[in-house]
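Note sheet for the following structure.
The values are calculated or read from the model by the stated rules, or taken from the named source; none is laboratory data. Because the structure is a prediction, the values reported are computed rather than measured. All Cβ positions, even for glycine, are placed from backbone atoms using ideal geometry, and neighbour counts span all protein chains on display. The area values use the complete protein model at the heavy-atom level, side chains included, leaving out ligands, DNA and RNA. Shrake-Rupley method; radii C 1.70, N 1.55, O 1.52, S 1.80 Å.
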Amino acid sequence: MSALLALFVRSLRLHVRSRAVAVTHAGLVGFILLLLFVSHGTASAVGAPGLSFFKWVMLLNLAVLTLAAVSYFASAITEEKEEGTLGLLQMTNLDPLAILLGKSTTRLCGALLLLLVQVPFTLLAVTLGGISVHQIVAAYATVGAYTFFLANLALLASVLAPRTSVASLLTGGFIFLFPAFVLAMQSAPALAALPHLRGKADAAAALLAHWGKALAEASPFERLGEVFVTGFSGSALSWQIWSNLGGGLICFVLAWALFDVTSGERRLFASGRLVPRADSRFARFAPERPWLISAIAWKDFHFLHGGRLVMIVKSVVYAALCAWLIWYEFRAFQGFSAAVAANVATPAARFASAASGIASWMFFALAIELGVIGSRILQDEVRNKTLTGLAGLPFAMKHIVLMKIDGAKRALYPVLCGLVLAAVGAFCALAMNPGNASMSVLFAGLVVGYVWTQIWLFAHVTARLSLRMRWGALPLSFAVCFFGNLAGMIMCIGIFLAPIVALILVPTLRESIYSRLEALAAED
Amino acid sequence: MNPPPLDSPVIQIENLRHLYKTHIALNTVSFTVAARSIHGFVGPNGAGKTTTLKILATLLRPQQGKVEVFGRNVVSGRNEVRRKIGFMPDHFSMYRQMSVFEYLDFFGAAYGLGQTQRDKIIADVLALTDMTARKGDLIHALSRGMQQRVSLARVLVHDPELLLLDEPASGLDPRARIELMEILEELRRLGKTIFISSHILSELATLCDHVTILDRGTVRYTGTVRDLTASGDGDTATFQLTLAKVHPPSAEALAGLPGMQRVTAPPLPGEARYTLVFDRAQLAPNAILRTVLESGGEILAFGEEARHLNQAFMDLTEPGVRA
């Protein structure tokens, strides 16, 4: 066997023999079968049950793959850097291409196998009705190409970054900011139409909008929307597939080209520190002296969550998002006639719509932030072998964890401010239209309570799993919470039951986390 | 707080037993550590040293037996014990993206020290560990020896009375090891009690006044280094006598002394080194010296034969790897 493929083949063998992989495949297939069974049971009450079932499966795939990119794929090379074993690999006769194939392409193959194993079961959707084999093939081609792109994007981040956390941040940042970037490009003509810009930037705006549209069409979500239209007969090979494959290939080639530069003596981002120092140009963002009341919160806020600089960046991003949502909401009603606007686009409706838009985005951001925090807040201490130092402090483990949560809470201020803004908007809407306030408040309370408790549970499940698994805690906990909520929804009692389940499980998980941390500190 | 009286036990372990599933890590371990002593803790790999240290550092709960530090039980008085000890594990437990000062400042604040107090104590520990000039450097940019110094500085930042050091000299070059030992000597002079686990026996022999040898979870020896390395069984003494040249009349005179049990002839021709074994109760070293001088021998060296700690260690521990 050539040296080029030696590591790849060995990793693939290990992957195939892994019990965890087999359990994951079996769990996924079991869930699909359960979903299929439920869809079959409710087929008479639902139009196009096969399509509905298949949409759920694809949604689940996209969510899990996106989270896998942030955690599983992004650690391909950084885990070797963190273990200090990358140098040993380079000392063998493995060249960078062989290392990239062995470390990353195996993971890509694993993810593609995860998709492949579903196909025989999802094909049964055809018998339920509402979807054709052609649509299923086109959907899998879409998701497959997206997987290829994600795996190689994360690989590039993993090659560039010195640590998994930075690689995850780079990958996640790209994935979640890219749609906003595309949306901004597509909004260019609207901006160009503003009075003081009118006629000055039309050509540039049109070009931006054109490129924005092309980039938007590269999105698997957009493409799946087309594929799931009843009677879809387009080609299975679309611009989305070619662009995703091309993008993935470019990322892989870049990772290959930059491998030696970033893994040698002179590494990119190798300062080992993202927080500015007191003697740097950004001294005003440097950490102040530790807080006596909670030194651990100080440490986590500055050195784990990025400190004031990251908080300012997040504040700007969230503020821009909120501003854009408000602007979009109020502008959307401008084209209405006065009569329609008086009935439909009332100020109360505008406030309510803007508030719900902001709340949705902020809860989404909160889920991402809490998921990432949950996956790192404890695991970083274990991985960096710093848990012994913390556990030796004269506090109970519970107290130490609470101080760490305090640090995380401070990092969440920007997104919490966004939620407060949404609450203010909702309050204004209610004040302007007090007619059915009690029902609206009850419904909003139920939804907010449900979402909040589920996100809180998700963060705890992630933190707990991160103490068992070196990687993959985030996607696995997402899958666990997603399946749990889906089961609740299928039984139509999720919105009432899930918050109660979360309120019972969170304290149990906390106790389990404390005892696990104590055990790990003793093992360390 | 007043320092504990000299020779009062700072650490008291009685019948400590600890199992990892079915593997017996510690089997009825008992020993004490006196205040303001440097107590070496040696044993082969897998002997149970790190388990003992983790129990003393309150990171691991003892399953059976009594473990007290400064008279406090390590389970019920865990937080009080933690305030009085500084534990340095056998690996670097450091936030590498922090600067040296930030790292020490963080731990000082975590122990509840005010800013003024922290500034003073950090300056002191940096001076002691000779790291003042590097206080602004990021930890990840420091060499292993420097990181070891920072690790030791961290252990000292809350001014503990007892230091628990697990293999502090491992991986250090000879100069760094010698400098570390000098720092430990200085700490003893400052009144600290040091309980140190190490494999470098030659350095422990010169540094420690007490030693505990652990093998397969059992204490093989605990006491002073002097007693361990002293030759003989307590009643008899073994001395080495080196003369300027081979001198049979001296050997004969010595052999005739009351209480002299054996005078071993020089091991090599022309080498005038004699081994003398005698009864301590009947014969004093001064009498031996007087006899040699009176018989016309020219003395170059005279002293009690000491076993090296290495030899004592080899004698007390079993060969092979623990199953």
**Fill in**
Computed on Cα atoms, the radius of gyration and Dmax of segment B:175-323 in angstrom are 19.5, 59
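To the nearest µm²/s, what D does Stokes-Einstein give for chain A at 20 °C and 1.002 mPa s, using the Kirkwood radius over alpha carbon pairs as Rh?
84
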**Request:** Could you state the angle between the C-alpha long axis of helix B:144-156 and the longest principal axis of the C-alpha atoms of chain B, as a value from 0 to 90 degrees rounded to the nearest 10?
**Result:** 80
**Fill in**
Looking only at aspartates and glutamates whose Cα falls under 16 Å of B:Lys84's and that sit 8 or more positions away or on another chain, we get B:Glu68, B:Asp159, B:Glu161
**Asked** How much accessible surface area, in Å² rounded to 10, belongs to the heavy atoms of A:Lys299 with a 1.4 Å probe?
**Response** 10
**Item:** Exposure rank, largest accessible area first [B:Thr222, A:Thr105; 1.4 Å]
**Value:** B:Thr222, A:Thr105
**Request:** Can you check how the C-alpha radius of gyration of segment A:441-524 compares to 2.2 N^0.38 Å, as a plain ratio?
**Result:** 1.23
**Message:** Per residue, how much accessible surface does segment B:1-131 expose to a 1.4 Å probe? Answer in Å², no decimals.
**Reply:** 41
**Asked** In peptide B:57-65, what is the residue-averaged number of other protein chain Cβ atoms found within 10 Å of each Cβ?
**Response** 3
**Asked** What figure in square angstrom, to the nearest 10, would you give for the accessible area of A:Trp291 with a 1.4 Å probe?
**Response** 50
**Asked** Going by accessible area, probe 1.4 Å, with all protein chains left in place, what is the ranking of B:Glu298, B:Glu167, largest first?
**Response** B:Glu298, B:Glu167
**Complete:** Whole-percent tail of the Cα-Cα distance distribution for segment A:1-98, cut at 19 Å, equals 63
**Request:** Would you please give the residues with an amide H less than 5 Å from that of B:Asp215, counting only those at least 5 places away or on a separate chain, with H modeled from the backbone geometry?
**Result:** B:Arg220
**Asked** Ignoring ligands and nucleic acids, what accessible area does B:His308 show with a 1.4 Å probe (Å², nearest 10)?
**Response** 90
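Compute the normalised compactness of segment A:96-188: alpha-carbon radius of gyration over 2.2 N^0.38 Å, N being the residue count.
1.39
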**Fill in**
For segment B:107-197, listing GluC sites (Glu not before Pro) in a DSSP loop whose Cβ sees at most 16 other Cβ atoms within 10 Å gives none
**Message:** Tell me the carbon and sulfur percent of the accessible area for the protein assembly as shown, rounded to whole percent, probe radius 1.4 Å.
**Reply:** 64
**Sparse-neighbourhood loop sites, trypsin sites (Lys or Arg not before Pro) in segment B:197-255 - DSSP loop, at most 11 other Cβ within 10 angstrom** = B:Lys245
**Request:** Please go through the residue pairs A:Lys409/B:Lys49; A:Lys404/B:Lys66; A:Lys55/A:Lys213 and name each one whose alpha carbons sit more than 31 Å apart in this structure.
**Result:** A:Lys409/B:Lys49; A:Lys404/B:Lys66
**Request:** Enumerate the amide H contacts of A:Gly472 below 5 Å, restricted to partners 5 or more residues apart or on another chain; note that Pro and chain-start residues carry no placed amide H.
**Result:** A:Tyr72
**Asked** Over all residues in B:86-99, what is the mean tally of Cβ atoms on other chains that come within 10 Å of each residue's Cβ?
**Response** 5
**Item:** Karplus-derived HN-Hα couplings along segment B:11-22 (A = 6.51, B = -1.76, C = 1.60, θ = phi - 60°), whole Hz, x at Gly and Pro
**Value:** 10, 9, 10, 10, 6, 6, 9, 9, 10, 9, 6, 9
**Request:** Note down, for chain B, the three equivalent ellipsoid semi-axes (square root of 5 times each alpha carbon gyration tensor eigenvalue), biggest first, whole angstrom.
**Result:** 45, 24, 18
**segment A:83-96 - phi-based ³J(HN,Hα) in whole Hz, Karplus 6.51/-1.76/1.60, Gly and Pro as x** = 7, x, 9, 5, x, 5, 5, 6, 6, 6, 8, 7, 8, x
**Message:** Which chymotrypsin sites (Phe, Trp or Tyr not before Pro) in segment A:409-492 sit in a loop by DSSP (not H, G, I, E or B) and have at most 14 other Cβ atoms within 10 Å of their own Cβ?
**Reply:** none
**Message:** Please list A:His399, B:His158 from largest to smallest accessible area, probe radius 1.4 Å, with all protein chains kept in place.
**Reply:** A:His399, B:His158
**Fill in**
In chain A, helical segments from DSSP H whose Cα atoms cover 20 Å or more along their own axis and that average at least 1.0 on the Kyte-Doolittle scale are A:3-17, A:19-41, A:49-71, A:133-160, A:164-186, A:239-263, A:307-332, A:347-376, A:413-432, A:437-466, A:473-490, A:494-523
**Item:** Calculated SAXS-style log₁₀ I(q)/I(0) at q = 0.10, 0.12, 0.20, 0.23 Å⁻¹ - segment B:12-104, Debye, Cα scatterers
**Value:** -0.31, -0.44, -1.05, -1.26
